[in-house]
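J.: Here it is, the structure, as structure tokens.
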Amino acid sequence: MAQVKANVQFVATLAQRLDATGDAKNKASTESNFKKLQGVLSAIRADYPKLD
């Protein structure tokens, strides 16, 4: 559970970074942060398998 909380906090941080780098039109940093965000979201999803 602690890892999920840390990941959720990191999602918020990455969202702020994405906003800032997007506004600055910094494509390389935006793509890097987006890739990190995708990884963190995948980790969160792995902790909660799909319920049928």
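J.: Name the single residue, out of those in region 36-48 being loosely packed, with under 12 Cβ neighbours inside 10 Å and over 8 Å from the mean Cα position of the chain (by Cα), that is modelled with the highest pLDDT.
T.: Only one residue tops the list, namely Ser42.
J.: Which ones in region 1-34 are charged (D, E, K, R) and either outside any helix (DSSP H, G or I) or exposed (fewer than 11 other Cβ atoms within 10 Å of the Cβ) (or both)?
T.: Hits for region 1-34 are Lys5, Asp23, Lys25, Lys27.
J.: Which one is nearest to Tyr48 (Cα to Cα), of the residues in region 7-30 that are β-branched (Val, Ile, Thr) and in contact with a Leu (Cβ under 9 Å, 6 or more places away or on another chain)?
T.: Here the residue is Val11.
The values are calculated or read from the model by the stated rules, or taken from the named source; none is laboratory data. Treat the numbers as computed from the prediction; the structure is a model and nothing was measured. Every residue, glycine as well, gets a Cβ built from its backbone with ideal geometry; the counts of neighbours run over all protein chains shown.
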